[in-house]
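One structure is given below, encoded as structure tokens.
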Amino acid sequence: MKNIMVLGSTGSIGTQTLDVVRRHEDMNIVSLAASSNIDLLEQQIAEFTPEMVCVYQEDQALILKERLQGKNIEVLTGMEGLIACATVSSGDMVVASVVGMIGIRPVIEAIKAKKDIAFANKETLVTAGHIIMPLVRKMGVNLLPVDSEHAAVFQCLNGERHSDIRKIILTASGGPFRGKSLKELEHVTVQDALNHPNWSMGKKITIDSSTMVNKGLEVIEARWMFDVPFEQIEVVLQPQSIIHSMVEFADGAVMAQLGTPDMRLPIQYALCYPERRGRVGEPLDFSKLAGITFEQPDLETFRGLSLAYLAGKTGGSMPTVFNAANERAVALFLQNKIPYLTMADMIEDAMEAHKLITDPDFDEILQTEQEVCCYLDQKYCAGN
């Protein structure tokens, strides 16, 4: 029996993780953690009967605790609750799918507790990859990617020598605005940006996909996860989302992982690794596939990707600045407080204003995040 802890159980990855768990009698849920959606969390508790749950927002945790009176389930809250849910003594694997930098501490503590990690919280590696990856090696745990692109690279590298990697090629759909000009993006609405052509995801990651910031975060994540320099990581557009990523090797051979766009496939692979279990989702039918096409990303229109490369190559605290500025910008855009194109302006502004810390520790990462948010709020929210 594999005992699983799910951080972010009411989000897109979390709910699809539970859908995978339903298919396997040898999987058991021991803890669930959510931000505030206690109605859905209560349904998940009734179905999966975990030992422990966390609701990050304290007021909602109190309401849930009242609802669960008489049931033998511990209800926790806040960061300490997240950490407790990530380190349950009976747990084997943590599915880390919370959104944003709040996922860093629970992941670090789970690794210290020698839990394997099914990893979908890219912000953790983006901001703290220099802390996380040495800790993973020291504790001897598995860090298994859940993002479709990194899961694809991971599969392509199975059985291969790291020294033979010539290039990692991350694919991107291009989102809803592929081929659009800056002029055409001036009046984009929130609903426009949430209308992804291929994937069903949470709001934050869908906005990131539309700006290509998400692909930039994945580039930085890949640098740490696969230990390759940025010069060996390339992004190409693959609008059909059939090829999930590729690896080119020293002899010129290119290996790719293909499949229909369904996140349950990489989730199941991470949960069951190294086994491959029964098929999830629709099979890829080549007889009905009109074609697989490729394009180069437009780095001028979608500056988020080029800024990510700059932040990653600069290193130190700059990836934290990139990530924190984007999180704040996306939040403001979703609240209709800034125009769509201002998000990239905010990221660039924050990066230019930042005084670099070359080797930030955990506290300095969190302090940098706070400073970036304060700086942007003072500059962009004064009239709101």
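The values are calculated or read from the model by the stated rules, or taken from the named source; none is laboratory data. Worth saying up front: this structure is predicted, and the values here are computed from it rather than measured. Virtual Cβ from ideal backbone geometry, glycine too; neighbours counted across all protein chains shown. All accessible areas refer to the heavy atoms of the entire protein, side chains included, with ligands and DNA or RNA removed. Shrake-Rupley method; radii C 1.70, N 1.55, O 1.52, S 1.80 Å.
Structure values in brief
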read-out	value
Count - residues of segment 324-351 that are open to solvent by less than 10 Å² (accessible area, probe 1.4 Å) and of a type in the set (S, T, N, Q)	1
Residue in segment 199-216 that is assigned to a strand (DSSP E or B) and of a type in the set (A, V, I, L, M, F, W, C) present	no
All positions within segment 208-236 that are surrounded by 18 or more Cβ atoms within 10 Å (Cβ to Cβ), in contact with a strand residue (DSSP E or B) (Cβ under 7 Å, 6 or more places away or on another chain) and not acidic (Asp, Glu)	MET212, LYS215, VAL219, ALA222, ARG223, MET225, PHE226, VAL228, ILE233, VAL235
Within segment 302-323, tally of residues that are outside any helix (DSSP H, G or I) and either open to solvent by 20 Å² or more (accessible area, probe 1.4 Å) or over 26 Å from ILE243 (Cβ atoms) (or both)	3
Options ARG178, ARG161; residue that is at negative phi, out of contact with any His (no Cβ under 7 Å at 6 or more places or on another chain) and touching a residue at least 60 places away in the same chain (Cβ under 8 Å)	ARG178
The one condition in (1) touching a residue at least 60 places away in the same chain (Cβ under 8 Å); (2) within 24 Å of LEU217 (Cβ to Cβ); (3) of a type in the set (Asp, Glu) that ASP251 fails to fulfil	(2)
Residue ranges of helices (runs of 4 or more DSSP H) in segment 5-82 with at least 3 members buried (at least 21 other Cβ atoms within 10 Å of the Cβ)	12-22, 38-48
Residue that is nearest to VAL213 (Cα to Cα), among those in segment 352-384 that are acidic (Asp, Glu) and crowded, with 18+ Cβ neighbours inside 10 Å	GLU369
Qualifying positions in segment 351-371 - in contact with an Asp or Glu (Cβ under 9 Å, 6 or more places away or on another chain) and under 22 Å from GLY304 (Cβ atoms)	HIS354, GLU369
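For every residue, the table says whether it meets (1) in contact with a Phe, Trp or Tyr (Cβ under 8 Å, 6 or more places away or on another chain); (2) free of Cβ contacts under 8 Å to residues at least 60 places away in the same chain; (3) among the small types (Gly, Ala, Ser).
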{"residue": "ILE13", "(1), (2), (3)": "no, no, no"}
{"residue": "VAL21", "(1), (2), (3)": "yes, no, no"}
{"residue": "ILE38", "(1), (2), (3)": "no, yes, no"}
{"residue": "GLY70", "(1), (2), (3)": "no, yes, yes"}
{"residue": "GLU74", "(1), (2), (3)": "no, yes, no"}
{"residue": "ILE83", "(1), (2), (3)": "no, yes, no"}
{"residue": "ASP92", "(1), (2), (3)": "no, no, no"}
{"residue": "SER97", "(1), (2), (3)": "no, no, yes"}
